[in-house]
Amino acid sequence: MVTCSSSNEAFVVKTGNVTNPTNPWGYTFTPDVGTPNTQTSFWQLPVQVVAAQVPVRTAILSDINALDKALLNDIALEFSTIEAQSMMFNNDQSGSTTTTTGATYGLRGLNSYPSGSTAAFGTNGSGPTNGIHTVATVNSTGAGAIVYNDVVNLMKALPPQYYIYPTTAWMMHPSTIAYLRQLKDSQGLPLFLEVGDEDGAAVGRIFGHPVIPNAYMDEIGAGKFPIYLACWECFVTIADHTEMSFNWYEQSAPGFLTLFAEKRVCSTIRDVFGGVRLAT
């Protein structure tokens, strides 16, 4: 039995016949119980370059009002395209063939990570071959196709502690969204229903989580990864260096000036358990 008294006297805890005014818990403990020397997973990736260029005819430089603003908008869109393609498709390892997105000088794309039935961290270290994690991957029941239960199994594969995060969302190509909207039961009724309100679009949300269309992803096909489900704030980290470089080049092509821009970016999977993907 434990009794406490805190009127005009010092706080006292009585446990059985033990009275200890200096230890309110009534028992002793060791602060370093456990394994404080447990090694953590770490990797240190180099910051890579994302570059974009826009050719401009010299004849229009003095003839169009507000051209500078339009050019900056174009270069920003070009940056977005290259960066999105790199973060999904680029392979930064030796022997890479993804030269259009930078290959060994580019970012580490999500599709380049190996697949496994369970997630696992890669090796520790500061080299470009470290941090190659294994992403938990659910295989579709039919090669090059998706059925309703594939989506259910993908949701099941994501650990439930990530369900409550606001950034937990599905990501898929717009054509994959259209494909899921066409799935029907034996009576010809769609499996994903349109309920008519703002948040009730067919495949606008699946099992409570929003669906993000991403045109820079695999479409459905054999050996592809058409769907990711992740707590994105935990799963992926993107580091943008604040410094950007813009230059005009006059001799790239006759009659043109080329606006060339580059910035430094790094991307990596931070918590490999925070995301899963579907393989078709």
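Observations on the structure shown:
- C-alpha long axis of helix 67-89 to longest principal axis of the chain, angle in °: 60 degrees
- When +1 charges are put on Lys and Arg Cβ atoms and -1 charges on Asp and Glu Cβ atoms, the dipole computed for the chain relative to its Cα centre reaches about 660 debye.
- When Rg and the Kirkwood Rh are both derived from Cα coordinates, the Rg/Rh ratio for region 165-224 amounts to 0.99.
- Region 165-183 and region 188-205 have their alpha-carbon centroids 12 Å apart.
- Global geometry of region 184-255, whether rounded, prolate or oblate, following the gyration tensor of its Cα atoms and the 1.5 cut on a/c: prolate
- Region 136-200: C-alpha pair distances exceeding 17 Å, %: 55 percent
- Cross-link reach list, aspartates and glutamates versus residue 184, counting only Cα pairs under 19 Å and skipping chain neighbours closer than eight places: 150, 194
- Fraction of the pair-distance distribution of region 153-280 above 26 Å, Cα-Cα pairs, percent: 41 percent
- Nearest 10 degrees, 0 to 90: helix 148-157 Cα axis against the chain principal axis: 50 degrees
- Rounded to whole numbers, the Karplus 3J(HN,Hα) couplings from phi for region 200-213 are x, 5, 4, 6, x, 9, 10, 6, x, 10, x, 10, 9, x Hz, using 6.51 cos²θ - 1.76 cosθ + 1.60 with θ = phi - 60°, and x at Gly and Pro.
- The stretch between residue 250 and residue 68 holds 63.9 nm of extra length on full extension. This uses 0.36 nm per residue minus the Cα-Cα distance.
- Secondary-structure-derived ellipticity at 222 nm for the chain, considering helices only, amounts to -5000 deg cm²/dmol, per-run term -39500 (n - 2.57) for DSSP H runs with n ≥ 4.
- Calculated on alpha-carbon atoms, Rg and Dmax of region 67-214 in Å: 18.8, 57
No lab work stands behind these numbers, since they all come straight from the coordinates. On a predicted model such as this, the values are computed, not experimentally measured, just so you know. As a convention, Cβ positions derive from the backbone with ideal geometry for all residues, glycine included, and neighbour counts pool all protein chains shown.
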